[in-house]
Amino acid sequence: MKKRLKKQLLEIVELLYEAHDSIEKNLENGNTDSALNSLLECQNTAITVGEKIEAAEGEGTTSVKALEDYCETVFLIFDKIQNGDGIAPSKIYKQLKKSVIAVINNMRNDIPETREIVFLPYKASMWDSLESVWKKYSQDPTVETKVIPIPYYDRNSDGSFGDKHYEGDQFPDYVPVTSYEKYNLEVNHPDEIYIHNPYDDRNFVTSVHPFFYTMNLRKYTDKLVYIPYFVLGEVDPYNKGAIEGIRHFILTPGVLNSDEVIVQSENMRKAYIECLVDYTGEENRQFLENKIKGTGSPKIEKIKSMTIDDVCIPEEWKKYIYKADGSRKKIIIYNTSVTALLQYSEDMLKKIEDVFRVFQEHKEDVVLLWRPHPLIKATIQSMRPELWKAYEKIVETYKQKEIGIYDDTADMDRALIIADAYYGDHSSLVTLCQAINMPIMIQNPLVIEEGKDEN
């Protein structure tokens, strides 16, 4: 039985104590009809609780047997009072109390508790930030897990909601997905909810449905837990300048509204705490030290545990990866980020084209695996709409000329596992590459190889 339901049923049964007090006082004051009505209500309450227990646990539980015994006691007392048999109110109270104590003890000790833990990812490509936690709980017989992908919207340039997206069909086959339309958070009130999107209405590119903003979610669970979908470069937690550089990742609704926040390392935990103490006041330090956990990022845990045997290379990729003699080319994962595109705009587009030119010239020995950030399209359309046609043309040319592999799937780990080196912008991928000791080179959008001799 779910922990919350068990608690609710126990609270209902414990209300019978108050009813017994009322019955005793009514009998002492000669209010026989009121006492009889209260006894009927006690019996109906016990029957209702028994039906709910049977619905959750099946028939034959000791708790239901104890409730049946209680109902029998109530019936006998009702019958004696109605027939005018002399029975002291205090004796009636003791009989009822003894019987309800047996019910409560059986419910507490014999009904197993299960916790319900709900995961609310929004983008399938970010599921790896929650997956290892889900796997751990899904293997626990005392926990019932639900993975409920939630819808999100692109934002138009004026901030209004644009196209709606739902990626529930893009999760791995081994992950059982529950429709957000068929699960009622308010009714079920899960014990814990895990999220990986911290921004609520503060994201200018996308937004989850407002129902799933953290201020609202916290009303429907006993514990809201946030795990970032990204990993950051490690910082010195006592360097104020370094903390200021990641402040916008920390001071988000997801961090502020959650009951627990799990970050990638103990150093990052300290950085979060220092930033939040600076924002909320020194008097909150102890609270924040209990709230922020530095137990590690599931993204890093997963990528470090994977090998080439854990991934399946698509057939259409193989023509790029293997030479005519069957030998394998070097694979360079090329990552273009939202941040760099916003910062450099047209220069960034020129840089991408130049990178493609260089790799096309060396495609016999090296293959480029281009993995643009999954929010680049939405970002351009929302914040740099004047760049969209040019960017769209770059993508189309890359595909048509078969310059390299274009990977916009939700499976980021596959690309990291098969690649030999990383090239591109600063991003979460850099930290993941460091975790698996992959060579890394960061691109400079302002350095263009083509025509540099002339310039």
Take Leu67 and tell me if it is modelled with pLDDT of 95 or more, of a type outside the set (D, E, K, R) and in contact with a Gly (Cβ under 7 Å, 6 or more places away or on another chain). yes
For the range 181-198, give me the residue count where each residue is polar (S, T, N, Q) and either assigned to a loop (DSSP other than H, G, I, E, B) or exposed (fewer than 13 other Cβ atoms within 10 Å of the Cβ) (or both). 2
Residues satisfying the stated conditions in the range 94-115, i.e. surrounded by fewer than 19 Cβ atoms within 10 Å (Cβ to Cβ) and part of a helix (DSSP H, G or I): Lys94, Gln95, Lys97, Lys98, Ile101, Ala102, Ile104, Asn105, Arg108, Asn109, Asp110
Inside the range 326-373, the number of residues satisfying the requirement of being among the β-branched types (Val, Ile, Thr), under 29 Å from the mean Cα position of the chain (by Cα) and surrounded by 18 or more Cβ atoms within 10 Å (Cβ to Cβ) is 3
Of the residues in the range 29-55, how many are in a helix (DSSP H, G or I) and over 16 Å from Lys97 (Cβ atoms)? 17
Take the range 161-180 and flag every residue that is in contact with a helix residue (DSSP H, G or I) (Cβ under 7 Å, 6 or more places away or on another chain) and in a strand (DSSP E or B). Val177
Go through the range 410-426 and give me each residue that's among the small types (Gly, Ala, Ser) and in contact with a strand residue (DSSP E or B) (Cβ under 9 Å, 6 or more places away or on another chain). Ala415, Ala419, Ala421, Gly424
Tell me the residue from Asp158, Asp201 that is in a loop (DSSP other than H, G, I, E, B), out of contact with any helix residue (DSSP H, G or I) (no Cβ under 6 Å at 6 or more places or on another chain), among the charged types (D, E, K, R) and within 29 Å of His248 (Cβ to Cβ), please. Asp158
May I ask you to verify whether Ala340 is under 18 Å from Val366 (Cβ atoms) and small (Gly, Ala, Ser)? no
Kindly provide the set of residues from the range 7-17 that are more than 20 Å from Ala88 (Cβ to Cβ) and either modelled with pLDDT under 95 or touching a Cys at 6+ places or on another chain (Cβ under 7 Å) (or both), ordered by number. Lys7, Gln8
Just one listed residue, out of Lys329, Lys318, is over 25 Å from His248 (Cα atoms), in the same structural domain as Asp420 (by TED's automatic domain parsing), in contact with a helix residue (DSSP H, G or I) (Cβ under 9 Å, 6 or more places away or on another chain) and not hydroxyl-bearing (Ser, Thr, Tyr), and it is Lys329
Inside the range 339-363, the number of residues satisfying the requirement of being in contact with a Lys or Arg (Cβ under 9 Å, 6 or more places away or on another chain) and either not in a helix (DSSP H, G or I) or not assigned by TED's automatic domain parsing to the domain that holds Gln400 (or both) is 2
Subset tally (residues that are among the small types (Gly, Ala, Ser) and modelled with pLDDT of 95 or more) for the range 391-414: 1
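Residues checked against (1) out of contact with any Lys or Arg (no Cβ under 6 Å at 6 or more places or on another chain); (2) acidic (Asp, Glu); (3) modelled with pLDDT under 95:
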site: Glu192; (1), (2), (3): no, yes, no
site: Asp201; (1), (2), (3): yes, yes, yes
site: Thr214; (1), (2), (3): yes, no, no
site: Ile227; (1), (2), (3): yes, no, no
site: Leu232; (1), (2), (3): yes, no, yes
site: Tyr238; (1), (2), (3): yes, no, yes
Which members of the range 56-86 meet the condition of being in a loop (DSSP other than H, G, I, E, B) and surrounded by 15 or more Cβ atoms within 10 Å (Cβ to Cβ)? Thr61
Please go through the range 172-212 and pick out each residue that is closer than 23 Å to Val338 by Cα and among the aromatic types (Phe, Trp, Tyr). Tyr199, Phe204
All but one of (1) part of a helix (DSSP H, G or I); (2) crowded, with 21+ Cβ neighbours inside 10 Å; (3) at pLDDT 95 or above hold for Val118, so report the exception by its number. (1)
Can you list residue pairs whose Cβ atoms sit under 8 Å apart, with the first residue in the range 334-350 being touching a residue at least 24 places away in the same chain (Cβ under 8 Å) and over 10 Å from Thr379 (Cα atoms) and the second being among the β-branched types (Val, Ile, Thr) and in a strand (DSSP E or B)? Count only pairs 6 or more apart in sequence or on different chains. Met348/Thr336
All but one of (1) of a type in the set (S, T, N, Q); (2) within 30 Å of His189 (Cβ to Cβ); (3) modelled with pLDDT under 95; (4) more than 37 Å from the chain's Cα centre (by Cα) hold for Thr32; state the number of the condition that does not hold. (2)
Counting only residues that are outside any loop (DSSP other than H, G, I, E, B) and either in contact (Cβ under 8 Å) with a residue 60 or more places away in the chain or not assigned by TED's automatic domain parsing to the domain that holds Lys318 (or both), how many does the range 383-432 have? 19
Criterion first (assigned by TED's automatic domain parsing to the domain that holds Thr62 and at negative phi) does Asn156 satisfy it? no
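The values are calculated or read from the model by the stated rules, or taken from the named source; none is laboratory data. Computed from a predicted model, the values in this text were never measured in an experiment. FYI the Cβ positions are ideal-geometry reconstructions off the backbone, even for glycines, and counts take in every protein chain you see.
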